[in-house]
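Below is one structure; the comments refer to it alone.
The values are calculated or read from the model by the stated rules, or taken from the named source; none is laboratory data. Every value quoted in this text rests on a predicted model; they were computed, and no experiment measured them. Note that we place each Cβ from the backbone using ideal geometry, even for glycine, and neighbour counts take in every protein chain shown. Surface areas here come from the heavy atoms of the whole protein model, side chains and all, with no ligands, DNA or RNA. Shrake-Rupley method; radii C 1.70, N 1.55, O 1.52, S 1.80 Å.
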Amino acid sequence: DKKTKYDDFFTNKEMIFYNNLSDLTEKIQKYKKDTKLRISISRNGKKKYFKYFNSNIVSQYIINKTFGIKGKKVYWES
């Protein structure tokens, strides 16, 4: 769902977004038929997710924020 704001982090080549139930239904039908595109999007999304949101990066970010430690700027931080 676009309300999750994942589109702030991922492009439409990395994740599939929908606006409402009708849009979701259309996209399910579309990507059900296009296996190559569906697999490409899923691989791209997985690759980006593990690069920027792996547990070590997220844990270190939480620790740094909690204790006020200046650390390396992370992808999702503006």
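Things to note:
- Any pair with Cβ under 9 angstrom, 6 or more apart, that starts in the range 1-23 at a residue that is in contact (Cβ under 8 Å) with a residue 40 or more places away in the chain and under 24 Å from Lys51 (Cβ atoms) and ends at one that is of a type in the set (A, V, I, L, M) and open to solvent by less than 70 Å² (accessible area, probe 1.4 Å): Phe9/Met15
- Qualifying positions in the range 18-57 - open to solvent by 100 Å² or more (accessible area, probe 1.4 Å) and over 30 Å from Lys72 (Cβ atoms): Leu21, Glu26, Lys30, Lys32, Lys33, Lys36
- Cross-chain or 6+ apart pairs with Cβ under 9 Å, the range 54-78 first and touching a residue at least 12 places away in the same chain (Cβ under 8 Å) and hydroxyl-bearing (Ser, Thr, Tyr), then open to solvent by 50 Å² or more (accessible area, probe 1.4 Å) and not in a loop (DSSP other than H, G, I, E, B): Tyr75/Lys51; Tyr75/Tyr52; Tyr75/Ile57
- Within the range 1-17, considering residues that are among the hydrophobic types (A, V, I, L, M, F, W, C) and within 16 Å of Ile28 (Cα to Cα), the one least open to solvent (accessible area, probe 1.4 Å): Phe17
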